[in-house]
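So the structure is just underneath, and the comments pick up after that.
The values are calculated or read from the model by the stated rules, or taken from the named source; none is laboratory data. Model, not experiment: these values are computed from the prediction. Here the Cβ is made from the backbone with ideal geometry for all residues, glycine too, and neighbour counts use every protein chain on show. These area figures cover heavy atoms from the full protein model, side chains too; ligands, DNA and RNA do not enter into them. Shrake-Rupley method; radii C 1.70, N 1.55, O 1.52, S 1.80 Å.
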Amino acid sequence: MTIKRKYHHGALKEALVEAALELLAEGGPANLSLGEAAKRVGVTAAAPYRHFASREDLLNEVARRGFLSFGSALEKAWDEGRPEAAAAMWRMCAAYLAFAREEPGLYAAMFGSAATLASEPSADAADHALDILWRSVVAFLQQRGVPAQGARKLALQLWALAHGVAMLTISGHLDAAKGLDPVPVLDAAARNLMESAVRRAETPSV
């Protein structure tokens, strides 16, 4: 049974976003509709249209906020590469996984639909998060004394790797209680990826 929540006058937009997060956490983007969000908040089906023209608008707003929060979490974990780039990168990978586990609704909105990135505000926030990964890869390679050429492609590979582990975790395939802790899985895979990149850069081309 759906429990209606009260909201303060003038705060309908925030209440709808909160309801959207619940729906996304429960069933992903396919579970989200303006009508269901309105029911969760306890308003008429027409009320959400004061703030969102469509379901996609609501999803895009949640995704935008998600990428902003995600970027902040990564930046905090990176901490300008202190005390050194490698340790900061492993810390950032752990923060990536922690965000996905702690914010499944936001994560579902961010990555559940390619159409979300067609929205400029969402795409800008996503690009900012990628830039943080890119800067960390550049710093890591420079610290190891190898050229940073191709760092953006490597950052995308690191993102894809972290996303894969995050999705396996959210879906229950990786679970520490079952002896499959996703934290060391991601840590080892990220280290292998970066070390392989360093070895390739150190090997003279024939």
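Remarks
- Subset of region 36-68 that is basic (Lys, Arg) and farther than 18 Å from SER122 by Cβ - its residue that is nearest to the chain's Cα centre (by Cα): ARG40
- The condition (being open to solvent by less than 30 Å² (accessible area, probe 1.4 Å) and polar (S, T, N, Q)) is satisfied by just one residue among SER196, SER122: SER122.
- Residue pairs meeting the criteria (Cβ under 7 Å; at least 6 apart or on separate chains; first more than 14 Å from TRP159 (Cα to Cα), in region 71-93; second outside any helix (DSSP H, G or I) and of a type in the set (Lys, Arg)): ALA88/ARG82
- Taking region 22-45 as the range and being in a loop (DSSP other than H, G, I, E, B) and either farther than 29 Å from GLY172 by Cβ or of a type in the set (A, V, I, L, M) (or both) as the test, the residues that pass are LEU32, GLY42, VAL43, THR44, ALA45.
- In the set GLU75, GLU80, only one residue is open to solvent by 20 Å² or more (accessible area, probe 1.4 Å), on the phi < 0 side of the Ramachandran plot and either in a helix (DSSP H, G or I) or in contact with a Phe, Trp or Tyr (Cβ under 9 Å, 6 or more places away or on another chain) (or both); that residue is GLU75.
- Selection status of SER136, crowded, with 20+ Cβ neighbours inside 10 Å, modelled with pLDDT under 90 and closer than 22 Å to SER69 by Cβ: no
Residue-by-condition table, conditions (1) touching a residue at least 40 places away in the same chain (Cβ under 8 Å); (2) crowded, with 19+ Cβ neighbours inside 10 Å; (3) of a type outside the set (Ser, Thr, Tyr):
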position: GLN142; (1), (2), (3): yes, no, yes
position: GLN157; (1), (2), (3): no, no, yes
position: HIS173; (1), (2), (3): no, no, yes
position: ASP181; (1), (2), (3): no, no, yes
position: VAL185; (1), (2), (3): no, no, yes
position: ALA190; (1), (2), (3): yes, yes, yes
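- Residue-level analysis places ARG91 among those that are under 19 Å from GLU195 (Cα atoms), open to solvent by 70 Å² or more (accessible area, probe 1.4 Å) and part of a helix (DSSP H, G or I).
- LEU130 open to solvent by less than 30 Å² (accessible area, probe 1.4 Å) and over 18 Å from SER69 (Cβ atoms): no
- For region 10-58, a residue qualifies if it is under 15 Å from PRO104 (Cβ atoms) and of a type in the set (D, E, K, R), and the qualifying residues are GLU18, GLU22, GLU26.
- Here ARG91 passes the criteria (1) at pLDDT 95 or above; (2) on the phi > 0 side of the Ramachandran plot except the one numbered (2).
- Just one residue in the set PHE99, PHE67 is in contact with a His (Cβ under 8 Å, 6 or more places away or on another chain), assigned to a helix (DSSP H, G or I), within 28 Å of LEU174 (Cβ to Cβ) and in contact (Cβ under 8 Å) with a residue 12 or more places away in the chain; that residue is PHE67.
- In the set (1) at pLDDT 95 or above; (2) closer than 30 Å to LEU23 by Cβ; (3) not hydrophobic (A, V, I, L, M, F, W, C), GLU103 fails one condition alone, (1).
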